[in-house]
Amino acid sequence: MERDGTLPADGFAELIRGRTPESAGYLFAKASEARDRVFGKAVFMRGLLEFSNHCANDCLYCGIRRSNRSVERYRLSGPEILEACSAGHGLGFRTFVLQSGEDRFYGPGLVAGIVSEIKASFPDSAVTLSLGEHPTESYALWRRAGADRYLLRHETRDPAHYASLHPRGMDVEARVRCLYALKGLGYQVGCGFMVGTPGQTPELLARDLLFVKELGPHMVGIGPFIPHRDTPLASAPPGDVDETLYLLAILRLMGPKLLIPATTALGTLDGTGREKGVMAGANVIMPILTPAAVRGKYLLYDNKICTGDASSACRACVQRRMESVGHSVSLGRGDHPDLGAGPPAPGGPSPAPGFSASRPLPPAARGAPPDVPAPEAR
Ligand code: SAH
């Protein structure tokens, strides 16, 4: 795996099934070495701005799903978002991650306006969007407005498993098409999945890993599934921290140049989960920048950490945590090593970073219309 960045599907499944404390320790050490060779000990910091918890979707696992009537919904205005970025910039953040539910209130033009204002105000900073599935034209508009990166976890690559976690009408192939479209537009793209969702098996996780290999993303976000009390999955057991760390290490060995966050969900299930994430190969940490007045309302799962803290406290806390395990916090933009902070190149496909081009890019990645299905959909 270290040589080729991949294994056959049954090899991955076996690796996952065969996890022991010893094999995990070995992988963590190997993964940390691989990360250090590319990035050193600096962990990139991103400010996460959860600007709306309205959502048109009804994902069975998610606390802000449309059907959850107990959520107190909020939206931040453009100026409020700018203000939060400004505070974040003062704290040293050079990437702003704008995340929300799928909230149609923020039409393509409004999002583009917010992105270009952030980029005009903070030209030294990157903007990452995490707004779910949208038409390719919207992604293209936002890219032209200056958005640098897009996070869209694929959640699970298996169509039946995906269908079991999402309402009728949502379909993993649509998500995969979005990911290829984003990549074709020159975004630094992040996919990812939850670990421990109901029905997940080592075989399905192997499929997720192979999809990562196939897509060749710049970022991969994984975190344990954590039930939320007001969802249909309220009584499902949470994902396993050790298994999540193990998968994180595998991802690092597959892609030494990948940007991999130690997620808030990891820190929620384990008091030092984010530190453990870094020790297993992560190199990104995303403290919350959401204003105090609303940060307790963006609850995708129960017991989320940091909901009562000020952004400055989160920033300081994260730095302390990273230093406690021998790492530092980088104040740079933290781009993928193969991509500089250059101007957007709309339409220009980005290279498949950190992965050997074992097969040609699918049509969608070469800028074909978004209705061309990704290879596995055919
Ligand atoms: N609306 C955006 C952002 C979703 S929230 C989108 O569709 O991409 C970001 C991620 O949080 C999701 O992709 C999912 O992987 C994760 N998430 C949602 N509910 C969760 C839960 N109950 N436990 C753990 N992670 C969860």
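A short reminder: the numbers here are calculations on the coordinates, not readings from a lab. Because the structure is a prediction, the values reported are computed rather than measured. Glycine also receives a Cβ, built like all others from the backbone with ideal geometry; neighbour counts cover every protein chain displayed.
For region 33-106, state which trypsin sites (Lys or Arg not before Pro) are in a DSSP loop and have at most 11 other beta carbons lying within 10 Å of their beta carbon.
Passing both the DSSP loop test and the Cβ count: ARG69, ARG104.
Using the alpha carbons of region 1-117, what is the convex hull volume per residue in cubic angstrom, as a whole number?
Value for region 1-117: 209 Å³ per residue.
Once fully extended, how much extra length lies between ASP240 and SER121, figured as 0.36 nm per residue of separation less the alpha-carbon to alpha-carbon distance?
Using 0.36 nm per residue and subtracting the Cα-Cα distance, I get 38.7 nm.
Could you give the length gained on full extension between SER77 and LYS297, defined as 0.36 nm per residue of separation minus the Cα-Cα distance, in nm?
Here the segment from SER77 to LYS297 would lengthen by 77.6 nm.
Once you put a point 7 Å from the Cα of CYS317 and another 7 Å from the Cα of THR201, both along the Cβ direction, what distance in nm separates them?
Label-label distance for CYS317 and THR201, simple model: 3.9 nm.
Let me have the 222 nm mean residue ellipticity of the chain computed from DSSP H runs of 4+ only, each contributing -39500 (n - 2.57), with the sum over all residues rounded to the nearest 500.
-11500 deg cm²/dmol
Please check: in the Gaussian network model of the chain (C-alpha springs, under 10 Å), which one of VAL284, VAL71, VAL115 has the largest mean-square fluctuation.
Evaluated over the chain, the most mobile residue of the options is VAL71.
If I measure Cβ to Cβ between cysteines in the chain, which ones have no partner under 4.7 Å?
CYS55, CYS85, CYS178, CYS191, CYS306, CYS314, CYS317
Which residues' amide hydrogens lie under 5 Å from the amide hydrogen of HIS154, considering only partners 5 or more residues apart or on another chain, with H built in the peptide plane?
GLY192
For GLU14 and ARG168, what is the calculated FRET efficiency with R₀ set at 30 Å and r taken between the beta-carbons, to the nearest 0.05?
Efficiency computed from Cβ-Cβ geometry: 0.30.
Run down the lysines and flag those whose C-alpha is under 26 Å from the C-alpha of LYS257, throwing out any fewer than 8 positions away in its chain.
Result set, ordered by chain and number: LYS30, LYS41, LYS119, LYS183, LYS213, LYS276.
Between SER328, SER32, SER70, find the one with the highest GNM mean-square fluctuation for the chain; connect C-alpha pairs within less than 10 Å.
Most flexible of the set in this elastic network: SER70.
Output ³J(HN,Hα) for region 14-28: one whole-Hz value per residue in order, computed from phi by the Karplus curve 6.51 cos²θ - 1.76 cosθ + 1.60 with θ = phi - 60°, and x for Gly and Pro.
5, 4, 5, 5, x, 5, 10, x, 6, 5, 5, x, 5, 5, 4
Taking region 63-176 on its own, what percent of its Cα-Cα pair distances exceed 26 Å?
28 percent
Using 0.36 nm times the number of residues separating PHE105 and SER86, minus their current alpha carbon distance, what extension gain do you get?
4.5 nm
Between LYS41 and MET1, with labels modelled 7 Å along Cα→Cβ, what's the label distance in nm to one decimal, could you check?
2.7 nm
Spelling out what I want: for every residue of region 240-246, take phi, set θ = phi - 60°, compute 6.51 cos²θ - 1.76 cosθ + 1.60 (Karplus), and round to whole Hz; glycine and proline get x.
9, 4, 5, 5, 4, 5, 4
SER330's amide H: which non-local residues (gap 5+, or another chain) put their own amide H closer than 5 Å, with H modeled 1.01 Å from N in plane and none for Pro or chain starts?
VAL43, PHE44, MET45
Quick one: pull the percentage of alpha-carbon pairs in region 9-332 with a separation above 27 Å.
That tail contains 39 percent of the Cα-Cα pairs.
Exactly which GluC sites (Glu not before Pro) in region 134-199 are in a DSSP loop and have at most 12 other Cβ atoms within 10 Å?
none
Ordered by residue, what ³J(HN,Hα) values in Hz, to whole numbers, does region 55-60 give under the Karplus form 6.51 cos²θ - 1.76 cosθ + 1.60, where θ = phi - 60° and Gly and Pro are x?
Karplus values, whole Hz, x for Gly and Pro: 8, 7, 8, 9, 4, 5.
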